[in-house]
Amino acid sequence: MMGLIRFVAMDSDVARAYRNGVPDAYGRRPERRISTGRGVPCRHCLRTVPEGKPYLILAYRPFPDLQPYAETGPVFLCAEACERAQECDVMPDLLRAGTQWLLRGYGDDDRIVYGTGDVVPQQHICTRAHELLQRDDIAYLHVRSAKYNCYQARIERA
């Protein structure tokens with residue numbers, strides 16, 4: 001099963017645009033805060049924003065178009081340039097920090113594939129992602145917070 005999936009972070013051009021003040025999914029400028037070093041996962045580097053460093057809070061819609069299943073929610077982003085997480089099958093630091101996550105499958109039409117949403121213990125994310133991505137009706141997965149439903153990252157076939 002190794003190498004069949006890859007974790008995908010926010011695109012660098014998108015992150016750069018938000019850092020340069022481009023309005024978020026709600027048409028508002030991202031808010032700027034200072035990290036406490038806990039609970040502030042950047043969706044670009046997929047790591048916690050270090051204590052004392054600035055970060056942005058913004059409304060993010062990880063879908064190409066508006067449609068009924070195109071959820072929008074809050075995400076954090078390092079306010080200063082950070083290196084985008086490498087696309088690979090190694091679970092990113094951001095996900096290692098949590099105990100459980102919501103995995104949900106989406107079809108080629110960017111709509112939820114019903115019956116795929118499940119709260120998964122952190123140690124079983126890769127196994128469950130492999131299982132879901134074996135299905136022809138699933139194009140990709142979202143990893144979301146099990147507590148708040150906030151988008152964390154995308155998982156695709158490698």
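The values are calculated or read from the model by the stated rules, or taken from the named source; none is laboratory data. The structure presented is a predicted model; accordingly, all values stated were derived computationally and were not measured. Methodologically, a virtual Cβ is constructed for each residue, glycine included, from the backbone with ideal geometry; neighbour enumeration extends over all protein chains shown. We work out accessible area using only protein heavy atoms, side chains counted, and drop any ligands, DNA or RNA first. Shrake-Rupley method; radii C 1.70, N 1.55, O 1.52, S 1.80 Å.
The table below gives the values:
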{"item": "Any chance TYR114 is part of a loop (DSSP other than H, G, I, E, B), among the aromatic types (Phe, Trp, Tyr) and open to solvent by 20 Å² or more (accessible area, probe 1.4 Å)", "result": "yes"}
{"item": "Pairs where the first residue, in segment 7-22, is at positive phi and surrounded by fewer than 16 Cβ atoms within 10 Å (Cβ to Cβ) and the second is assigned to a loop (DSSP other than H, G, I, E, B) and at pLDDT 95 or above, C-beta under 7 Å, 6+ apart", "result": "GLY21/ARG29"}
{"item": "Which listed residue, of PRO30, PRO64, PRO50, is open to solvent by less than 60 Å² (accessible area, probe 1.4 Å) and not aliphatic (A, V, I, L, M)", "result": "PRO30"}
{"item": "Count of residues meeting criterion [part of a loop (DSSP other than H, G, I, E, B), modelled with pLDDT of 95 or more and not acidic (Asp, Glu)] in segment 1-36", "result": "14"}
{"item": "Output for segment 110-137, where each listed residue is under 16 Å from LEU94 (Cα atoms) and without any contact (Cβ under 8 Å) to a residue 40 or more places away in the chain", "result": "VAL120, PRO121, GLN122, GLN123, HIS124, ILE125"}
{"item": "Scope segment 110-136; condition charged (D, E, K, R) and closer than 23 Å to GLU87 by Cβ; matching residues", "result": "ASP110, ARG128, GLU131, ARG135, ASP136"}
{"item": "Where a residue in segment 71-89 is touching a residue at least 60 places away in the same chain (Cβ under 8 Å) and its partner, wherever it lies, is assigned to a strand (DSSP E or B) and open to solvent by 50 Å² or more (accessible area, probe 1.4 Å), with Cβ under 7 Å and at least six apart", "result": "ALA79/ARG32; GLU87/ARG6; CYS88/ARG6; ASP89/ARG6"}
{"item": "Segment 121-152, residues that are part of a strand (DSSP E or B), under 20 Å from MET10 (Cβ atoms) and of a type outside the set (Gly, Ala, Ser)", "result": "TYR140, LEU141, HIS142, VAL143, ARG144, TYR151, GLN152"}
{"item": "Conditions (1) part of a loop (DSSP other than H, G, I, E, B); (2) open to solvent by 20 Å² or more (accessible area, probe 1.4 Å); (3) among the aliphatic types (A, V, I, L, M); (4) under 26 Å from ALA146 (Cβ atoms): number failed by ALA70", "result": "(2)"}
{"item": "Hits in segment 93-120 - residues which are out of contact with any Phe, Trp or Tyr (no Cβ under 7 Å at 6 or more places or on another chain), at pLDDT 95 or above and under 18 Å from VAL8 (Cα atoms)", "result": "TRP101, LEU102, LEU103, ARG104, GLY105, GLY107, ASP108"}
{"item": "Looking only at segment 77-101, and only at residues there that are closer than 20 Å to ARG33 by Cα and open to solvent by less than 50 Å² (accessible area, probe 1.4 Å), the one that is nearest to the chain's Cα centre (by Cα)", "result": "LEU94"}
